[in-house]
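Quick notes on the structure that follows.
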Amino acid sequence: MAFRKLGAVLALTAMLIGASPASAYLFWFQPTFDTAPSKGDEPGIGQAMPKATPAELQAHLLWNMRAGLNVAALQCQFSPMLMTVPNYNDLLSKNAAELNTAYAALGAYFKRTQPKGWQKAFDQYTTRTYNGFSTMHAQLGFCETASAIGREARSLGRGKLTALAVARMRQFRNSLVPAGDTLNTRRTFYIPVHTPSLDESCWNKNGSLKARCSVAHA
């Protein structure tokens, strides 16, 4: 009969877990980093791009997203389920034309705005962009977000990466800010769940719970 009582408790526990499944690989409930789409000239999105045209700012957003996914492919391999490496490899192979266009637009920007030392300025921009995604204390949130963006990129047809960067670069940058699991903010996760009493007097010989003991017992 002890096994039947234990089974009842385990069944309730399974119902609890089933009712509130993990919403992400590394969290029970992933922190929210969602924000509005970006134009590319907002503080914190990346390096400043003074005098950039709208097309150059979009290239800037795409190159930042590519850099972030590249960093994630290196930093997030501790969790193969995130698929940051295959996601990034797919992005490169499927979207080479769009990425090359963005690279050319950025090169043209530096040639126009810094004609004498444009190559050095471009190289510094690239290095600083990559370094800007390095994180330790926010690694879990960053890796989860990179994984989600990479999966969405794989689901899109060619020529859609720039639109994805516009939509999700603020979220990507925000994920670099340390944030914990939001499980503890969801109080209903605990409140409605009760377990039956394990007192011998509450159980019939056939292992069923007596009616007087069926009242919720915390």
**Asked** Quick one: which of SER23, SER79 is assigned by TED's automatic domain parsing to the domain that holds LEU164, of a type in the set (Gly, Ala, Ser), at pLDDT below 90 and under 16 Å from ALA148 (Cβ atoms)?
**Response** SER79
**Complete:** Filtering the range 159-179 for residues that are closer than 16 Å to ASN87 by Cβ and modelled with pLDDT of 90 or more leaves a count of 5
**Asked** In the list PHE110, PHE133, which residue meets the criterion of being of a type in the set (Phe, Trp, Tyr), buried (at least 18 other Cβ atoms within 10 Å of the Cβ), farther than 20 Å from GLY159 by Cα and at pLDDT 95 or above?
**Response** PHE110
**Request:** Could you tell me which residue of the range 46-65 is surrounded by the fewest Cβ atoms within 10 Å (Cβ to Cβ), considering only residues that are outside any loop (DSSP other than H, G, I, E, B) and either free of Cβ contacts under 8 Å to residues at least 40 places away in the same chain or of a type in the set (Asp, Glu) (or both)?
**Result:** PRO54
**Asked** Within the range 76-97, which residues are in a loop (DSSP other than H, G, I, E, B) and over 21 Å from GLN139 (Cβ atoms)?
**Response** ASN95
**Options GLY141, GLY150: the member that is touching a Phe, Trp or Tyr at 6+ places or on another chain (Cβ under 8 Å), closer than 14 Å to LEU62 by Cα, assigned to a helix (DSSP H, G or I) and of a type outside the set (D, E, K, R)** = GLY150
**Complete:** Over the range 75-94, the set of residues under 17 Å from ARG158 (Cα atoms) and within 14 Å of the chain's Cα centre (by Cα) is ASN87
**Fill in**
Within the range 154-169, residues in contact (Cβ under 8 Å) with a residue 24 or more places away in the chain, assigned to a helix (DSSP H, G or I) and farther than 20 Å from ALA36 by Cβ come out as ARG154
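The values are calculated or read from the model by the stated rules, or taken from the named source; none is laboratory data. Computed from a predicted structure; not experimentally measured. All Cβ positions, even for glycine, are placed from backbone atoms using ideal geometry, and neighbour counts span all protein chains on display.
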